[in-house]
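Here is the structure we will look at.
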Amino acid sequence: MLTTFFSCTNSENNNLVTLQGRMILFAAIGGLLALMGGIVYYSSLDIPHLELAEIKLANVEVVDVNSIENRVKLETTFLVKNPSDKTFTVPLISFELFANGKSLGTGQYSTADVAMPGRAAFYPSSEIPLKSTLQFILSDTV
């Protein structure tokens, strides 16, 4: 009696195996999508804490003036303050400097090419200075 219940032809057996394979594939894809959605949700929980960070321009210093090539090299210092209870890193700060309402130039502080362990970590309730240099060409308008 059991042999008649479990007996299938080869084509029926192939259809069952194909159906089982498809079900496993769809379950694996669904599980992967659920895992990715969970990661996105978990990473978005820190956004309100990160919005508390403060970046201030602390200092702009003239490092070098090359009157032959009409170039000026400035060193900018930013103070990054972390008032939250989460530790974070800053991979990029893009900025534009103005003097008397006129743009001197744009620059950036970047550690995008540095691995995460090498970046400056901003611990809770800390304030760290970040330095960057900016070079621009002098003109009559500046």
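The values are calculated or read from the model by the stated rules, or taken from the named source; none is laboratory data. None of these values were measured; they are calculated from a predicted model. Methodologically, a virtual Cβ is constructed for each residue, glycine included, from the backbone with ideal geometry; neighbour enumeration extends over all protein chains shown.
Couple of notes before you dig in:
- On inspection, S94 does not qualify as at positive phi and either in the same structural domain as N59 (by TED's automatic domain parsing) or crowded, with 16+ Cβ neighbours inside 10 Å (or both).
The rows are residues; the columns are (1) in contact (Cβ under 8 Å) with a residue 12 or more places away in the chain; (2) charged (D, E, K, R).
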{"residue": "I93", "(1), (2)": "yes, no"}
{"residue": "N100", "(1), (2)": "no, no"}
{"residue": "R119", "(1), (2)": "yes, yes"}
{"residue": "E127", "(1), (2)": "yes, yes"}
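- Given (1) at pLDDT below 85; (2) surrounded by fewer than 13 Cβ atoms within 10 Å (Cβ to Cβ), number of the condition Y109 does not satisfy: (2)
- Test result for L104, surrounded by 10 or more Cβ atoms within 10 Å (Cβ to Cβ), in the same structural domain as S132 (by TED's automatic domain parsing) and either touching a His at 6+ places or on another chain (Cβ under 6 Å) or modelled with pLDDT under 85 (or both): yes
- For F78, the conditions (1) exposed (fewer than 13 other Cβ atoms within 10 Å of the Cβ); (2) modelled with pLDDT of 85 or more all hold with the exception of (1).
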